[in-house]
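Visitor: Quick one: the structure is below, and I'll ask about it shortly.
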Amino acid sequence: MDEDIVALKKIQLITAYLEHQQKDITAQNKRNTADKNLLINGRNLTNMGVFRKYMETYVENHSAINEEMTIMVRQLPPSSQGIPIEIYAFSRDKVWKNYEYIMADIFDHLIASVPYFELELFELPSNTTFSKLSKL
């Protein structure tokens, strides 16, 4: 787990966040005498939580986003189709077509960043998925 955090600290947008969280979590676990021989004991960083923070920081720092309005990244309840993540933000540009381009640009980047957090995107299988399997 420590080597995962070391790797994630190379992502500049979340380096300071990870360092702060590590100190805070270590101090809290020490105060509560959490038995860290099992990861489930005490507080821990999770790849999903760190990815959410990365997404939020990325959106907050995007040049096309209006930082004077609400910016929020939130995790919705898990379902059989995965864990939905919602981005709520306003662009500086008020033209709808441009807004859609900005959001697509943001999602392109975030989708490409998923593997760095050892996460995977969920896609429902299509008919072509099953036809490829039947040929195996």
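The values are calculated or read from the model by the stated rules, or taken from the named source; none is laboratory data. Just so we're clear, the structure is a prediction, and the values are computed from it rather than from any experiment. Neighbour counts run over all protein chains shown; Cβ positions are idealised from the backbone, glycine included.
Visitor: Between a residue in segment 1-27 that is touching a residue at least 24 places away in the same chain (Cβ under 8 Å) and any residue that is among the basic types (K, R), which pairs come within a Cβ distance under 8 Å, given they are 6 or more apart or on different chains?
Guide: I14/K53; Y17/K53; L18/K9
Visitor: Would you confirm whether or not segment 13-29 contains a residue that is within 29 Å of E123 (Cα to Cα) and among the hydroxyl-bearing types (S, T, Y)? Before you say what the answer is, go through the steps one by one.
Guide: Taking segment 13-29 as the starting set, the residues that turn out to be within 29 Å of E123 (Cα to Cα) are 13-14.
If we keep only those that are among the hydroxyl-bearing types (S, T, Y) as well, we get none.
Scanning segment 13-29 turns up no residue that is within 29 Å of E123 (Cα to Cα) and among the hydroxyl-bearing types (S, T, Y).
Visitor: What number goes with the only condition from (1) at pLDDT 95 or above; (2) under 17 Å from the mean Cα position of the chain (by Cα) that K97 does not pass?
Guide: Among (1) at pLDDT 95 or above; (2) under 17 Å from the mean Cα position of the chain (by Cα), the lone unmet condition for K97 is (2).
Visitor: I need the full set of residues from segment 49-64 which are outside any loop (DSSP other than H, G, I, E, B) and either touching a strand residue (DSSP E or B) at 6+ places or on another chain (Cβ under 7 Å) or over 17 Å from E118 (Cα atoms) (or both), in order please.
Guide: Here is the first cut: in segment 49-64, the ones outside any loop (DSSP other than H, G, I, E, B) are 49-61.
Residues satisfying the conditions are R52, M55, E56, T57, Y58, V59, E60, N61.
Visitor: Right, here's the next one. Suppose we keep only residues that are in contact (Cβ under 8 Å) with a residue 40 or more places away in the chain and outside any strand (DSSP E or B) within segment 65-104. Which one would you say is surrounded by the most Cβ atoms within 10 Å (Cβ to Cβ)?
Guide: That would be I102.
Visitor: Exactly one of (1) surrounded by 11 or more Cβ atoms within 10 Å (Cβ to Cβ); (2) in contact (Cβ under 8 Å) with a residue 24 or more places away in the chain; (3) out of contact with any Phe, Trp or Tyr (no Cβ under 6 Å at 6 or more places or on another chain) is unmet by E56. Its number?
Guide: In the conditions (1) surrounded by 11 or more Cβ atoms within 10 Å (Cβ to Cβ); (2) in contact (Cβ under 8 Å) with a residue 24 or more places away in the chain; (3) out of contact with any Phe, Trp or Tyr (no Cβ under 6 Å at 6 or more places or on another chain), E56 misses (2) alone.
Visitor: Taking the residues in segment 89-129 that are among the charged types (D, E, K, R) and touching a helix residue (DSSP H, G or I) at 6+ places or on another chain (Cβ under 9 Å) as candidates, determine which candidate is farthest from S63 (Cα to Cα). Steps first, please.
Guide: Taking segment 89-129 and keeping what is among the charged types (D, E, K, R), we get 92-94, 97, 100, 105, 108, 118, 120, 123.
Checking the rest, the ones that are also touching a helix residue (DSSP H, G or I) at 6+ places or on another chain (Cβ under 9 Å) come to 92-93, 118, 120, 123.
Numbers: R92: 9, D93: 11, E118: 27, E120: 27, E123: 30 Å.
Only one residue tops the list, namely E123.
Visitor: Still on this structure: Quick check on this structure: which one of N32, N44 is of a type in the set (S, T, N, Q), out of contact with any helix residue (DSSP H, G or I) (no Cβ under 6 Å at 6 or more places or on another chain) and free of Cβ contacts under 8 Å to residues at least 40 places away in the same chain?
Guide: Details: N44 fails: free of Cβ contacts under 8 Å to residues at least 40 places away in the same chain.
Being of a type in the set (S, T, N, Q), out of contact with any helix residue (DSSP H, G or I) (no Cβ under 6 Å at 6 or more places or on another chain) and free of Cβ contacts under 8 Å to residues at least 40 places away in the same chain holds for just one of N32, N44, which is N32.
Visitor: Only one of (1) in contact with a Gly (Cβ under 8 Å, 6 or more places away or on another chain); (2) within 20 Å of F107 (Cβ to Cβ); (3) of a type in the set (A, V, I, L, M) is not met by A34, so which one is it?
Guide: Against the list (1) in contact with a Gly (Cβ under 8 Å, 6 or more places away or on another chain); (2) within 20 Å of F107 (Cβ to Cβ); (3) of a type in the set (A, V, I, L, M), A34 comes up short only on (2).
Results for (1) over 20 Å from the mean Cα position of the chain (by Cα); (2) in the same structural domain as F122 (by TED's automatic domain parsing); (3) of a type in the set (A, V, I, L, M, F, W, C), shown as yes or no for each residue.
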{"position": "I25", "(1), (2), (3)": "no, no, yes"}
{"position": "D35", "(1), (2), (3)": "yes, no, no"}
{"position": "N66", "(1), (2), (3)": "yes, yes, no"}
{"position": "P78", "(1), (2), (3)": "no, yes, no"}
